[in-house]
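Accompanying notes for the structure given below.
All of the numbers you see were taken from the coordinates with simple rules; none came from a lab. On a predicted model such as this, the values are computed, not experimentally measured, just so you know. A quick note on method: Cβ atoms are made from the backbone with ideal geometry, for glycine too, and the neighbour counts reach across all protein chains shown.
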Amino acid sequence: MSTENMEDSQNMISLVVPVYNEEENLSELMRRIRSVMTALARPWEIILVDDGSRDRSLEILKGFTVYPEVRVVELTRNYGQHAAILSGFSVVRGEIIITLDADLQNPPEEIPRLIEAMEKDDLDVVGTIRKKRKDSLFRKIPSRIVNMVARKITGVHMTDWGCMLRAYRRKVVERMISCHEHSTFIPALATHFGKRIKEIDVAHEERHGGKSNYPLRKLITLQFDLVASFSELPIKLIMYGGVFLSIIGVLFGIFLAAARLIYGAHWAAQGVFTLFAIMFVFVGMQFFALGLLGEYIGRIYREVRKRPEYVIEKVYGGPTAGADS
């Protein structure tokens, strides 16, 4: 690599945008990104990752490759937002990598502020806090739960873990790629590899078009991925809960024995209903514990199989075209 190319790479900004069924938003997204990035007057590229879209998104993305800054990564199927971002990380060339969603709720006009914060304070990770958030209460409540859990698990106090408009140093991105983790949560994973982390306020907009690709089911899955991938907290809670229930069971047994001696065998229908209630509680806890342990074992099984977390079908518009993960 020539000295000039090395300098361009060190000064380059890479954008990674996961795309899944966003045909209504892509033209406006590209227009606004090109307007913002051209004004910066420095090398830049955008990696658009088609995560198995079923509409015309891939066709539209391929049309953008007429621009020299654009590369399109086509995945073989839908792997999920975070896997799609990791696939984009695998082909970036810039020193600062910025992620954002394709639905335009993350305004591209905020990108220069992330770059400024990164370079001014020599940061490793720049997170964002969505001010005057435009989502419904149905989306805000699960997001607050995710934020609370993420802070507890990682030990890093960040206000808004759910906003995908974030900036990373290349060294942090390379360390994340080297992990080869399945079902990971990128903002939390980055805190393991970045020392200097800061959040800034950014604007938040209504979704430009289409419908959200994050229904309640995916939000619950994301929450579980966060907990199971970064903590043994659920297993510990079951252990502590088992001890607590055992103590309660012993005390309750003593109470029932005393009540039987005082009030006789006819008290509480000979104790049959009480026995059933206790049995159902313990059986329910056992099934829950077995299911949770099975989930952890399943994750271990997936890790042992060493299947790739994503497979790149083709890269359009760049020198890495045709590469596989």
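A few points about this structure:
- Per-residue extension of 0.36 nm, minus the Cα-Cα distance of Arg175 and Lys132, leaves a gain of 12.1 nm for this segment.
- Those trypsin sites (Lys or Arg not before Pro) in region 31-122 that DSSP places in a loop and that have at most 15 other beta carbons within 10 Å: Arg54, Arg56, Arg77
- Val16 long-range amide H proximity, modeled H, under 5 Å: Ile47, Ile98, Thr99, Leu100
- When each of Lys131/Lys314; Lys120/Lys171; Lys198/Lys314 is checked by Cα-Cα distance, pairs over 26 Å: Lys131/Lys314; Lys198/Lys314
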